[in-house]
Every structure is written in structure tokens, then in C-alpha cells.
Amino acid sequence: MKILLINPNTSRGMTEGIAAAARAVAAPGTRIVATQPTFGPVSIESHFDEAIAAAGVAEQVRLAAEPPDAVVIACFGDPGLDAAREATSAPVIGIAEAAFQAAALLSTGFSVVTTMTRTCVMAERLLQRYGMHHACRGVHGTDVPVLALEDCSPDTLNQLEAAARTALARDRSGAIVLGCAGMAPLCRTLGERLGVPVIDGVAVAVKWAESLVSLGLRTSAHGDYAPPLPKPMAGWAGALRW
């Protein structure tokens, strides 16, 4: 089984870290092929960054060297999710959607601990979209820059732990969702320190991808997830045309 793991930003170090976390939970026989767009922001910390990153996700799905059995979008904003589902019949899983649903299975209410405070509203909109806003009791920004997670210092780890402890107490939550793919390598440590379920969407998405593939389930091509209509595309997007 081949899972195409797309880091929507252009940080090679982060792509490698996310890939390592994915391979750590993958079943024997699952091949994780990690990639990133050829263009776009080095980190995704705004609506502007996310808009460009979404095009990068579509690029990577469209130009994959061989068709994957499943696709995981490893960014907490799930950028380009619908476009990716149009572009392939393979199951496409965004890590935010996967993490929210897993957390709701493990607790009656969960909190999200993310990076920049300005991105909290983006997570809140996803919760509304996925119908998970009633299960989430709070979204907490730490103002830890995304790239600070590449080589996470003890101080940064302690800052994330402190934010999670505050969230658990203030929100009366039973679980923590990590709001950035770059936090994936920290999941086990934070879980041990906090003593509650700590959910990394990368790991959950990989396991769900494996399950959907093993069940023979594919993305529906009926209606709005049908392949895009063939048409000319200008400029750099010319290579992506149908």
C-alpha cells in the first residue's frame, strides 16, 4: 500500500519530520511517500499562506509519479482537501478532520493547542465545517512559530505543555488535539506528561487511510467530487490540466 503524504509547506526539514512520524505508526507493507509543493510558503500561518499551499497540494496530487492508494494532507488547515479529492479517486484525509473525529471518540470534549494565535479562527472554521464545534471546548494559540517545531527546544516543548495544561483546566476537556503537523514528533512525550489522550492528526490519518484502502473504499466520483472538467490552464498551471 502506498500513501502519498503531502506537507503543504515547502520546508524540507518539516517534511522529513512528518514522514518519520507517519512511518512510525504505519503497518508493515505500507509505504509512505512524503512530498511537498514545488512552490509556496515555507510555513503556513495565515489565510494567504493557506491559499497558495492549497494549489501546491493540488499540484502534488496531480503530478504524482504513480497513483497512490491514499493521500494524507499533513497540515492542520487541511488546505486543498476538496481539490485533492476531485483529482484522485484514492481516499484523501486531512489531518485536522481526522484528529477532531478521533478526539471525539475518546472524550466528551477536547481542546486544540496550535501554533500562532492568528490561526485559531482557521481551526474554528474547520470545526464548524466538520460539525465538530460542539465537541471542541476551546482552541488555544501558543504563538510558537511553525518552523520552531523543526528542532523543538525544551523551552518550546514546555510552552506547549503549559498551554495544554491550561486548556484542560479552563475548558474541562478530556483530550488534546495537536494543531500542527509539525507537532507530530512530540505527541508521545506530551501524552506521557499530561496523562490524557493527545491526538496527532498525522498518525490518525495514516491509520484511517490504511483502513479505508483495506476496505476497498474510494472517494466518490459522483457529483462535486467528479474529476474537474477538461480546460486550458495558463502559466505555471498548464502542467496540471486534464
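Take the residues of the stretch 205-242 that are assigned to a loop (DSSP other than H, G, I, E, B) and of a type in the set (Lys, Arg): which is surrounded by the fewest Cβ atoms within 10 Å (Cβ to Cβ)?
Filtering the stretch 205-242 down to residues assigned to a loop (DSSP other than H, G, I, E, B) leaves 215-222, 226-234, 241-242.
Next, from what is left, pick out any that are of a type in the set (Lys, Arg): 218, 231, 241.
On the way: 218: 14, 231: 7, 241: 12.
Among them, the one singled out is 231.
With the structure loaded, tell me whether residue 129 is out of contact with any helix residue (DSSP H, G or I) (no Cβ under 9 Å at 6 or more places or on another chain), closer than 25 Å to residue 61 by Cα and surrounded by fewer than 16 Cβ atoms within 10 Å (Cβ to Cβ) or whether it fails that test. Against the criterion (out of contact with any helix residue (DSSP H, G or I) (no Cβ under 9 Å at 6 or more places or on another chain), closer than 25 Å to residue 61 by Cα and surrounded by fewer than 16 Cβ atoms within 10 Å (Cβ to Cβ)), residue 129 does not qualify.
When residue 193 is tested against (1) at pLDDT below 95; (2) in a helix (DSSP H, G or I), just one condition goes unmet, and that condition is (1). Residues that are surrounded by fewer than 20 Cβ atoms within 10 Å (Cβ to Cβ) and either touching a residue at least 40 places away in the same chain (Cβ under 8 Å) or on the phi > 0 side of the Ramachandran plot (or both) within the stretch 35-44 comprise 39, 42, listed in sequence order. Pairs are defined by a Cβ separation below 8 Å, a sequence spacing of at least 6 or placement on different chains, a first member in the stretch 160-182 that is closer than 20 Å to residue 145 by Cα and acidic (Asp, Glu), and a second member that is modelled with pLDDT of 95 or more and assigned to a helix (DSSP H, G or I); the pairs so defined are 161/190; 161/193; 161/194.
Scanning the stretch 3-34 for residues that are surrounded by fewer than 19 Cβ atoms within 10 Å (Cβ to Cβ) and not small (Gly, Ala, Ser) yields 12, 16, 23, 25, 28, 31, 33.
Sub-8 Å Cβ pairs linking a first residue in the stretch 137-158 that is assigned to a helix (DSSP H, G or I) to a second residue that is of a type in the set (D, E, K, R), at least 6 apart or interchain, are 146/45, ordered by first then second residue. For the stretch 77-99, a tally of residues being more than 15 Å from the chain's Cα centre (by Cα) and assigned to a loop (DSSP other than H, G, I, E, B) returns 3.
The values are calculated or read from the model by the stated rules, or taken from the named source; none is laboratory data. As the structure is a prediction and not an experimental result, all values here were calculated from the model. Using ideal geometry, Cβ is built from the backbone for each residue, glycine included, and neighbour counts are taken over all protein chains shown.
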